[in-house]
Structures are given as C-alpha cells and as structure tokens.
1. Can you name the residue in the range C:98-113 that is in contact (Cβ under 8 Å) with a residue 60 or more places away in the chain, assigned to a helix (DSSP H, G or I) and facing chain B (nearest Cβ under 7 Å) and is also surrounded by the most Cβ atoms within 10 Å (Cβ to Cβ) among such residues?
2. On the given criteria, is residue B:102 without any contact (Cβ under 8 Å) to a residue 24 or more places away in the chain, over 20 Å from residue C:54 (Cβ atoms) and assigned by TED's automatic domain parsing to the domain that holds residue B:149?
3. Can you tell me which residue in the range A:194-226 is nearest to the other protein chains (Cβ to nearest Cβ), limited to those that are over 23 Å from residue A:267 (Cα atoms) and of a type in the set (A, V, I, L, M, F, W, C)?
4. Tally time: how many residues in the range C:1-29 are touching a strand residue (DSSP E or B) at 6+ places or on another chain (Cβ under 6 Å), within 13 Å of chain B (Cβ to nearest Cβ) and not basic (Lys, Arg)?
5. Give me the pairs: first residue in the range A:233-246 and away from chain B (no Cβ under 14 Å), second residue assigned to a loop (DSSP other than H, G, I, E, B) and of a type in the set (S, T, N, Q), beta-carbon distance under 9 Å, and six or more apart or on different chains, which are they?
6. Residue under question is residue A:485, and the condition is that it be over 30 Å from residue A:360 (Cβ atoms) and under 16 Å from the mean Cα position of the chain (by Cα); does it hold?
7. Kindly provide the set of residues from the range A:168-195 that are loosely packed, with under 15 Cβ neighbours inside 10 Å and at pLDDT 95 or above, ordered by number.
8. Being outside the structural domain of residue A:252 (by TED's automatic domain parsing) and part of a strand (DSSP E or B) narrows it down to one residue among A:143, A:169, A:131; which is it?
Amino acid sequence: MSIVGAKVIRKEDPNLLTGRGQFVDDIQPVGTTHMAFVRSTEAHALIRNIDVTAALECEGVVGVWTAADLNLPALPGVPGLERPALATDKVRFVGEAIAVVVAESKYAAADGTELVIVDYETLAAVTSIDEATADNAPLLYEELGSNTVAEVPTADDHQAIFDAAPHTEKIKLVNNRCTAAPIETNACLADYGPAGLTVWASFQAPHHLRNRISAWLGIPQDQCRVITPDVGGGFGQKINFTPEFFVAPVLSKILNRPVKYSQTRSEAMTSMYHGRAQEQEVDIAFDDSGKILALRVFASQDMGGYADGTGMGMPVLTTAMSAGCYVIPNVSIAWRNVLTNTTPIAAYRGAGRPEATYLIERAMDHISYKLDMDPTEVRRQNYIPEDSFPYPTHSELAVYDSGNFEGALDELLNIMDYEGLKEEQIANRTNPEKPLLGIGFSSWLEIAGFGPPGSLEGFGHLGSWESVQIRIQPDGSAIIYTGASPHGQGTVTTFAQIASEYLGIDFDKISVRHGDTATIPQGIGTMGSRQVAVGGEGVKNASLKIVENAKSIAAHKLEANPEDIEVTDGNLFVKGTPSKSLTWAEVATFSFQRLELPEDMDPGSLDTTILQEVPNFSFPSGAYACVIEIDKQTGDARIRDMYLVDDCGTVINPLLAEGQVHGGVAQGIAQALYEEFSYDENGQPTTATFIDYLMPGAPDLPSYKSGRINTPNPNNSLGAKGIGESGSVGTPPAVMNAVVDAVRHLGVTHIDMPATPQKIWEVLQGGSK
Amino acid sequence: MSYPTSMTINGTNYAKSVDPRTLLVHFIREECGLTGTHVGCDTSNCGACTVLLDGDAVKSCTVLAVQANNHKVTTVEGLASEDGAFSPVQEGFRQEHGLQCGYCTPGMLMAATALLKEIPKPTEEEIRQNLEGNLCRCTGYEMIVRSVQWAADNPDGVPVAIGESS
Amino acid sequence: MIPAKFDYKPAESKEEALSLLAEYGDDAKLLAGGHSLLPLMKLRLATPEVVVDIGSVDDLSYITDKGDVIAIGALTKHRQVEQSDILKEHVPLLAHTASHVGDPQVRNRGTIGGSLCHGDPASDLPAAILATRATLVISGPSGDRTVTSDDFFTDFWETEVNEDELLTEILIPKYTGEKWGFEKFNRRAQDWAIVGCAVQGGDNPGIGMVNMGSTPVRAAEAENALRSGSSSEEVAGLADSGLTPPTDIHGNESYRRHLAKILVQRALDN
C-alpha cells in the first residue's frame, strides 16, 4: 500500500500539542537582553532630533542607539532604493524603526522606548497611488523626482483589435492591501559570541537570511549560523529583510550578550510588510459568443514607503498570469511601481497571482453581464483545451505545463447543485423572508513550484533549487536534511512519506531536519509553493540514488545482480527468492564496512545530497464556487457554501493538502469580505490592531466542500504541483463574483473588495457602479 | 515594586515576587518557564494565550499575575495525563489535523477543553461560536471543528503512543 | 503590550476599596475583571499610578431575587449573568445580552460593574441597563446613593461614579412580559457592535442603543411610540431620532442610522 497519497497524521504534532514547540520567544539563553524599537508615529517627516537621555536613565535599560550611533549599512534591497536599518534623516511610513532600546527585560525595554523623544518636521504624506502620482505630489525621494520607481510600458497595446471588436469593456479593479498577520509575529534572538554569531529567527528561509546577514555584517558565512525553530506561520510575510534581523546581531556584539526581539502585534501590523495593494486598469475585447479577442492590463503596484525587491516583482507575476486558463490571442501588459507613505509591500500568500486571477475572473463575469450569458458558459468558450500543453502564453515566464480547466469546472458542477441554486436565487429575490443569493465562479490557474533556474535568483536568492540530503543510519533508520523551511505545512511528514515510499524504510524510522544552517549544508527556503514540487522531488531522487547503492551492497552480499534486488518493508531481497534477504539495518551497517562492500564501492555510500532543480514552474489550477447570502436590509454578506475543486497534481498527503486549501481559502474570503489595511489622509493606519483589522474567526467562516481532479505535473517525477497558495489565489474572485451576482438584477456590475455590509447596502440603495 | 505571587499551575505551586504589572501570560512563560502558552496580539483578540483559571477559559494576556494569586491555572502542558497519554482534545487535533504551524494551538486546545466540559456534545455551530475568541490563520477552522467533534465523539480518547501513525 | 508601572493595592472588602480610593484619589483606578482596564493599560492609553484590585471582594458578586427587583452585585461576571436562572426568568433581556459580550474567555473575567463603569457607548450591557430601567447603587465615603440608568452615563467613557466611589449594585425591575430582544450587528462574532439595540416592552418600555452616540443612549422617541402602541415599523422608524451616531471605518453615520431602524424592528418582531 502506497504511503504517498495516504492520510498520515503528522510527526510534528506531539510536540506542538503538548506545549513543547520551540518558537523564538521560547528560547532564552543565559544573559539574554531584550530589544525594542522606537517607531515613527509620522507617515512622512524629517527627523530633526532624537533625544535618548531619559531612556538611557530608565531602570533596566542597558543601551539606546540611533542610526548615528551605529553607522549601519542600508538593509539588503533594491539598488539605489535601499532602506536604512534605522531611519536617518527622514521617515517614510508610520512604524518605521528610528531607534532601538535594549534592556534587561521586555518590560524595561517597553518603558525605555516610551522615553525616547523624536522631534519630527512633518511633511505632507501620500497614501494612495493617485496621490503619489499626482502633479506636485510630495516626494519620498526628492532626488528621484518622482514616486514612480519603475514603469514598464506595453510593447503593443493591440488597439486595432479593440477598435474592431464587437464588444469592449473597461474595468478598474482594486486588489486591497492586506497583511498576512501570522499569529506569531516576527521574532529573533541574536547571540554574537567569540565563536561567531547564532541567530534564531521566525523566518521562512534560514540560509537566505544567513547569507544576507553575514554579507551585511562583513563576517564569513562559516561563522554565522541561522536557526529557524518552530515558526508560527509565515504566508510569505516572513521572508523580508526588516531591521530586527540585522540590528540584533550588531547589538549582541556590542553588548556581548544575547539580544532578543519579540515584536508586539501593534508593531507587527505596521512593520511586517503588507501584501496585495495593486490597482488595475483592464480592457477586454470579445465577440458575441463570449470569446475573448484581446486583453490589456495596466497594473499599478503600491510599493509602500520603501521599494522591496519582492514587492517589485509582484506586478511581474500578475501580468505574466493575467490570461488565466484561457486562450487569449492578444495580451498587452504594462505596469508601474509607485512609492507611498505606507508600510512596504512584499509577498503575501499567492504573491501577485491572486491579483491576476481576480482581474481575469472578474473580466469573465463582465463578459457574462454584457452578453447576458451564463458565467460558466463564457468560461467554456475560452478554456485552453486539455490537449494543448505545454502551452506558451504572452509571457516567457508562463509556459503552462498541464491542466484540465474544463474538467475542473465539470467536477465543480458535479459537487454543487447549480440549477437548484439558480432557481433558489430567483425565488429569493421576491421573498422578503429570504436573503439575496449569489453564485460566483472562479476558474483559476496559478504559477507555483518556484522555480526554474534563474527564477529565484531574480528575487535575490542563491539559486532556484532546493537541497535534500538523505543519510541512512547504521541501524537502517533515515534522516533527511532539507533547506525547505516549513512553518505549518507538515513537511516533516510529507517528506518522510515520500522517502518511505521510495526507500522502503518504515515511515516511523525516518526523521526530517530543517531550519539550521549548521546542520543543513545549503538551502533556499520556503515560498512560492515549492516544498513538495521541488524539495519533495529531491527527496524522491535522493531516495532512489540511495536505493541504487543499497541494492549494489545487497546484491554483493546475496550474490545476485543489483537489478534483481527489490526493496520493500524494510528489507532488500532477491526477486523471486524472498528468503534471500537482508534488512535495511544490515545493509546500512555493511555500507560502512570496507570488507563487506563490492570492490568499486567506498564506505559511506548511503548518504547523498541533491540540489534539486526543476525545469519549469508548476501550474496548479482549479475551479471554485461561492454561494453567498446577502441580507436585504443590512447588506451583510455571509458565505453559505464554498465548493472547491483543486488540481495540484499528485497529492502526497490528502489531509495536509486539504488543510492547505482551507487555510488559503479562509484568507481569500477574508480579503474579499473582511480585511483591508487602511490609512487616513495623514498616513496614519486606521486598522492597526486586531480590533479593527478583521481577520475572521471560526463563526465567521463556512465549512468547505472539496473535490479534486488530477493532471500530474509533467516536470517532476512525483507529478506534484504544490498547493500552499491555491486557496488564496482562487477564492477572492469566486466570492466577489457571487456578491455581484446577488445584486445583478439591480444592474450592478462591480463592487470593490472588501465587500463590507455598508458598501453592499449603498449598492442596494441604488448607488450601483 | 515587587509583589509576592503564588499560584498552582498544572498542580505545581509557583511562588515568585513580581512587578505587579506582570501579565499572567508572561508570568507563566518567563517566571515559570512554561512556554507552551503563547502571545499573539496585544488587544485581547487572538486567544493564543488562553489558559484555564480555576477551570474557566481566560485570556492570560488580560489577567495580571497578581490577580491569579492563590488560584489554580491549567496550561497546555497540563492537558496530557501523567504517563503522557493525550487528552481527547489533544488526540482529536492530532487525528483531524487541527493544527498546522501550532502557534494558536495551545489556546485553541484550552478553549476547546473548556467548551467540552460545558457542552459535551456540541453542534458544529456551538463549536464555532465558542471558539470565537481564538483566531487561527493557518487552518481556516474547519479541521479545528472536526478535531473538537472527534474529541466529543471519543471522550476517552485513544491511547496512541507518541510516534505511531494511524 | 506592556502596561506602565503602578502600585498594586488589593482590597479584601468594599470598605477597604473605598478607603484606598479616598487615599489615592484620581491617581487610582479600580480593577475588577480587567477586561476594560487592562486592554487600555497595555496600550498605555491608561496609566494609573495605583491600581486598586477589587477582584477578590466576593460579597459584591451575587444575583438575588429581592421581590420587585433583581439585585446584581457589581462584581458579578458576565458568565454568571448569562447563565443565571433568576435572570433568565425575570430579566431575560439582560441574561441574553450578557451572552453576546466579547467571547467566552472575556465573559469568564469581565464583570457587569466593570463594563458599566467603563461607560463605553459601544458596549452591550449599558444598552440593556438602559432598556430595563435599572437603578445603580454607588458607594462612597458618605454612604450609598442611587442613580437611575438614565443619569449614569455622563460623557464619553465617563459615568456618575466619582474618583472616590465604587459601583456596588445594580437593581433591575422584574419584567413579566414576552416582548424583549437584543440585536447586535457586527462583522465578526467577537467584535463590538457596529450598532446594537436592547429592547424591553411593558408599561415603561426601554430601547437602549449600542454605538449610536458618544454615550450609551436610549432611543427615546422610539420608546414613546412603543409606549403609545405604534406598530413595530413606526417604532423602528424612530430608532435613530434625536441621536447622533458616530462615523468610523466600520460604518458611517447614515449606515448606522439605517441599521438602528432595522435592528429595533428585528428586536420587536422576533
């Protein structure tokens, strides 16, 4: 029976369920001091003076430093636009770090920060792309002369196609600013002693952080160790080079003591980089049958107060994926990146692809409105057929590998009663006791499994591979070491499943180690749904390599040919003669003993390291539907059902895969209905705590009905595509299409996210778009 | 100012002199070294810090340690039995994948434990309602609901040894 | 996250609490369940020099049938109010409203007195106290005095209770009718109401509103209509009359006015 594809419960859980997890704040070496930041209360201001006198005298405070005291290089970032580790002459967003306090306790550190007096000269702030790009807008960098730091125009706007088309539609979309807000905030602990530096960090990529910290400090990598212990969620938000990871080591060196930073939530809300915050102008040209003739996308990416390298890449991914699952012969893409006096923008679960899916899926529904055509029929007119792969698109980045988009829709319709729902929708309109009912679809496709050679180097990583080392112990148990860096995905379990399958060693005798640059030679880290698609493939290939060597040893000992050796259930035996067998323990022991080995084999052969590469991204896809009820009197929208059909290729562990989808879907629903990180006209955040930033709780979300189809990934032998971000990519348009569907009969064609009750009520009053 | 504070946590007495502004969650984590209880926010919303105070679920970030003076606290470390057997709620979360990153989990387990003491056979709606004070970012809650249902259906739990898979 | 330093003074009795308040005056704040005060202190929006902890004053936690009224000690927890058989029978509006406060963990700590003295127009219980025409007993250096719920809430986050006084008891007339309801409109179950209302019928009907002004307020014009036997639509139509609801990121004034009407109607009809 195959363990790949089985619902195996997790190896990670016993520790986490008994309070034995080790998160950064749980770790406290002797002598640990505590760090806290003084953060800007202004969105855009010159710093005239920083008075630390009172703070220095505060009981328990060990030291207070500003940029002037430390003379630090800028943080790793976009050349010419790097962010200072501590603000120097100017601050560019509320929450920017200005000074740092270290104290004997968290409590004293908090007291110390309250006593630092910052003298600001307030400047006018820009808090939206419109404001930032207006004539005479205040500039975040005077010397740039503009807040637009990059602009990539289209090569061909296909205007002739639009001019000749039977129908055209222009749509303006806003992909609302969100913050990932994992329940554990950023945290780090730096211990810089005579033997070197150790940094514990709540981060998604330990080697990546190690490489950057050591370069930034100017110390050799061999003396810099980064450990990512248990990490309480990441969602792409824990891969950014924010000041704490660099300042803590510096202060640890100065003080010769460990320095720990546990971010408060209020700090995290403004200082952990945000996601989405993209506006789009979309033009579509289509014919009477609903076939799209041309698509034009101009994406404006809000970058926040400092241009982050990952943030720069968001509209690149969005525009690359704008055509979605559809055959669109003429696609024109353009984008720009604009600074504003807000928290910088970087990746958040889906990272550029939710923005793409939202725009194309809303566009499809706009076609359905214009032609009065069923939205599923519009999609059927345009799907890329199942036999078209590999499918090159308008973008070099995106050559889709496989998919059955129409099949996913068919399966979706199988698990829901679409006809019944449509009848109910009509009946409800005239029944005062019943809510308005909306049904929304999303046929989505995303780019994952980052990525082919060069792809992650473009985001500043060392490479695009992932490292897997498998080492068989003398007793036949196995240890996997990987650069993959899980923070909830269950990688310890899935990798052990894959290894168990291909090694023939019991799942309970396989451990997976990650998150320590001292024990894992190299690694890239976890982002872009790559752990299984890249790392998992590495586990399989490393397992097969080891098995090859093991078979040679067994063959030698059993006097057979290596081709005739089979491996199963902890034994290696001669095909057809099961009595001629050796246990893994025996073979493993022999692997260390020269006298037991074939002539051409050295001791230590059951140990292999692979830097697994993949030739292409992977392209998970699926079809989601949302059934939403809108209270006619209050405008309150509540999801009654979410139907989810995912195609992630091979599923390693259906329990874990389902969990990943649920989590992504929840965040997608949250973006569509609840969450928006917003600012007032002075750049003051208005949703800076969990009171006002509305992350849904259990009573606020529905249960999920799942289905599945499977088109294996042709670019890895596992056939796996990855699934971590799918839910957050596919969900927002399903929800918003449902919301608009519910009020279509009033002539409404658009409502922006988040679809708050007040917005919907205003639409019901007749303020339709 | 230092105030003598003593409480029983998971059956063990802890007596310390603390700054009275010390939050119970910090007392538990830092004075007593029980780091299973977590901090997730600073506005009493997320519930990651939930413990039982005299058997009632409370947010330990919104209780001063001195308010728990002479009271009984139960944290996640106190859920399993002496020989390590999981409580039904712990086992339910393991069986039904009610946790991913594990950070909100201790608070969820305590809130769910309190819920089941009050309502041994809750409906799905009752489970969701009674977990309204506990935020999770990873699971989307469905599998947490299934986990609590498992515990309700298996009040004696299943003594599966740690390390065994099912 | 971390409160500022303070001196901690636990009180074992009402008298001890009053004497500490007399000693420290406006440098002191009372701590009961802590779920109004501690969140403010953790954000350093409140920085009292002295905290007088009355959480152990057990004789201020009770729910007693006193004939015409139910007497509730100020330190009674929301959970106890929610689950009280006495209240479910005689003042069901209050028991039901308490079940909506915060979440279960909050209800295990927060007290009715603490919630009322916080004077937050966005809190649920003040609306119920107004609607049930409760009387509040305040103890001070010169003894006890009684204030009607109408007079209790004086300004934003301010009440009749002076610096040297302590709210000790809430007296609520028993309600024998069937016409009562509490409606709370919020985004997430754990949120404060965007708008809410507590309605109780009878000879002297009360409609207390949540988040419709700078203090907890009654919809007095709507109450008059209810008293004079108007239909629920007519009563509901007056739910926002004379009131000035706030505008914030969760709802603007117009939307709140609209919600007030819908919620009052629902409270009356259900």
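The values are calculated or read from the model by the stated rules, or taken from the named source; none is laboratory data. From a predicted model like this one, the values you see are computed outputs, not experimental measurements. Please note: Cβ atoms are built from the backbone with ideal geometry, for glycine as well, and neighbour counts cover all protein chains shown.
1. Result: C:109.
2. Judged against the criteria, residue B:102 is a match.
3. Per the criteria, the residue is A:226.
4. Of the residues in the range C:1-29, 5 are touching a strand residue (DSSP E or B) at 6+ places or on another chain (Cβ under 6 Å), within 13 Å of chain B (Cβ to nearest Cβ) and not basic (Lys, Arg).
5. Filtered contacts from the range A:233-246: A:239/A:204; A:239/A:526; A:240/A:186; A:242/A:186; A:244/A:186; A:244/A:263; A:245/A:186.
6. yes
7. Scanning the range A:168-195 gives A:170, A:172.
8. Criteria check complete, one pass: A:169.
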